[in-house]
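What follows is one structure encoded as structure tokens, with my remarks underneath.
The values are calculated or read from the model by the stated rules, or taken from the named source; none is laboratory data. Worth saying up front: this structure is predicted, and the values here are computed from it rather than measured. Don't worry about glycine lacking a Cβ; one is built from the backbone with ideal geometry, like all the others, and counts go over all protein chains shown. With ligands, DNA and RNA removed, areas are computed over all heavy atoms of the protein, side chains included. Shrake-Rupley method; radii C 1.70, N 1.55, O 1.52, S 1.80 Å.
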Amino acid sequence: MLEAFINFVCPFVMSIYGIYVIKKLTKTEDRVLTIKNIILLILLSIFVMVSHDKNYNGLFTIAIFFLNVIVYRKIFKLKIEESLIACGILMFLTFIGDLLVSCIFLLFLTINQLRNVWYIYLVSNSLVLLIGILLINIKIIYQQLQNFYTNISKKKSISNIMFLTLLIIGLSALVYNISKTNFLNTDYIINTIIMIIFFSITSIFIKNKNNYNKLSLEYDNLFTYVQNFEDWIEKEQLNRHEYKNQLAVLRCITKESSVKEKIDEILEDNINLEGAVVHQLKALPKGGLKGLMYYKAAIAQKRKMKLTVNVSIEDKSLLKELNEKEIRILCKLIGIYFDNAIEAAGETRKKDILIEVYELKDKVNIVFSNTFKQHKNFNERNKKGVSSKGEGHGNGLYFASKLISANDWLEDRQEVIDGYYIEQLTIKKK
């Protein structure tokens, strides 16, 4: 009787632990421990209790995983992909705790004792639960997992969901292999090492996904901003001379040096694109790309770059056929290339940046040419984390290469000619 009670209590407590973890991941404020949801957890616990076998079965673990997906989806009112991701993270934390506990207990116990002696089963499950709670409350781990859940659930990427599902299946198979060994023999050690490798790969995957999504979100926010910037900058150019004349008159009238300094400061800080640059950029279609070019050109001139822009596109340009999603992708790439050109040219004496946009044979080429200093890691510039600017940089070109590889209507080419670094982005007719 006591053994049956423990076999029910352990999975019920673990299901409450699942509520705790998923509530933190989803950041829900709703009350979830209602009578209806408690009944669902009891039914889940009864299923686990009845299905519990003295010998570990990998298919049982997989079945419990998908049952959790259904139950927690009902409890938290999640979409199926959101529940898959949340339960995948929950199972991942559980596997980590299970691995740590089994490594300790198997120093003096067998797998059979660990699973079937009720008080050992109770203690081991309690430790697994405590380890999971500890991990989810470590700030850096929680932030990574929560960001991963938020970003992936928004993207609804099939590949990411498949990765998590296959990870759970793979780990279940490894646990099954470990369960076949009663002692710390060679097979146990090999399977444990493979599990650690799985955990490491998953941690790297989560970290890289978070970095990728963070950079993508920054450019999405910039895209929203520059759409409003397009109209504003053109109106600002029309009124600029009038404002300057009025300020100049006030400067002549006043005798206060502090007022003159303030007027000079306003004139210096005022966004002031050269007429030739504005004239060239006007040919670009509205929708975000033009505003981004205005914004980056203003930054380049603010940093004393020698900026030259040449735009030659047709009235019915291929750029006008791009939808909003494609414009967003294009703006992310332009933002990366323009920022890199400004940074690289700023390290040189000439500080030259030339931007060309021209259409030829159903293709639009956007070319950035800039003076630069060739650093020792120049040939590895497209790799993740490689930058001459130090730690924390070097993700831009890596992010760009990922975007281009995922969109077959884009291609790029990089070369160096006469001391100029040239980045050519080609937009092809679909």
Please give, to one decimal in nm, the separation of the simple spin-label points placed at residue 409 and residue 67, each 7 Å out from Cα toward the Cβ. 4.8
Residue 341 neighbourhood, Cβ < 10 Å, K/R = +1, D/E = -1, net charge -3
Give, in nm to one decimal, the length gained when the segment between residue 286 and residue 134 is fully stretched (0.36 nm per residue of separation minus the Cα-Cα distance). 49.6 nm
With all protein chains present, calculate the accessible area of residue 12 using a 1.4 Å probe and round the result to the nearest 10 Å². 50
From the cross-link list 207/290; 296/350; 77/430, the entries with a Cα-Cα span beyond 30 Å are 207/290; 77/430
Accessible area of residue 303 in the full protein assembly, 1.4 Å probe (Å², nearest 10): 120
Please list, short to long, the whole-number percent of alpha-carbon pairs of region 41-134 in consecutive 10 angstrom bins beginning at zero. 15, 43, 34, 8, 0
Note down the accessible area of residue 359, probe 1.4 Å, to the nearest 10 Å². 30
PRE zone check, label point 7 Å out along Cα-to-Cβ of residue 365, amide N under 14 Å, scope region 399-426, hits 411-417, 422-426
Could you give the nm distance between label points at residue 200 and residue 35, where each point is 7 Å from its Cα heading toward the beta carbon? 5.3
Given R₀ = 51 Å, FRET efficiency for residue 324-residue 104 by Cβ-Cβ distance, to 0.05? 0.40
Quickly work out the residue 349-to-residue 142 label distance, labels modelled 7 Å from Cα along the C-beta direction, and quote it in nm with one decimal. 5.6
Suppose accessible area is computed on protein heavy atoms with a 1.4 Å probe; arrange 127, 59, 360 from highest to lowest. 59, 360, 127
Rounded, prolate or oblate: pick one for region 4-46, where a ≥ b ≥ c are the square roots of the eigenvalues of its C-alpha gyration tensor, a/c under 1.5 means rounded, and failing that, prolate if a/b is larger than b/c, else oblate. oblate
Can you send over the carbon and sulfur percentage of the accessible area for region 1-140, probe radius 1.4 Å, protein chains only? 70
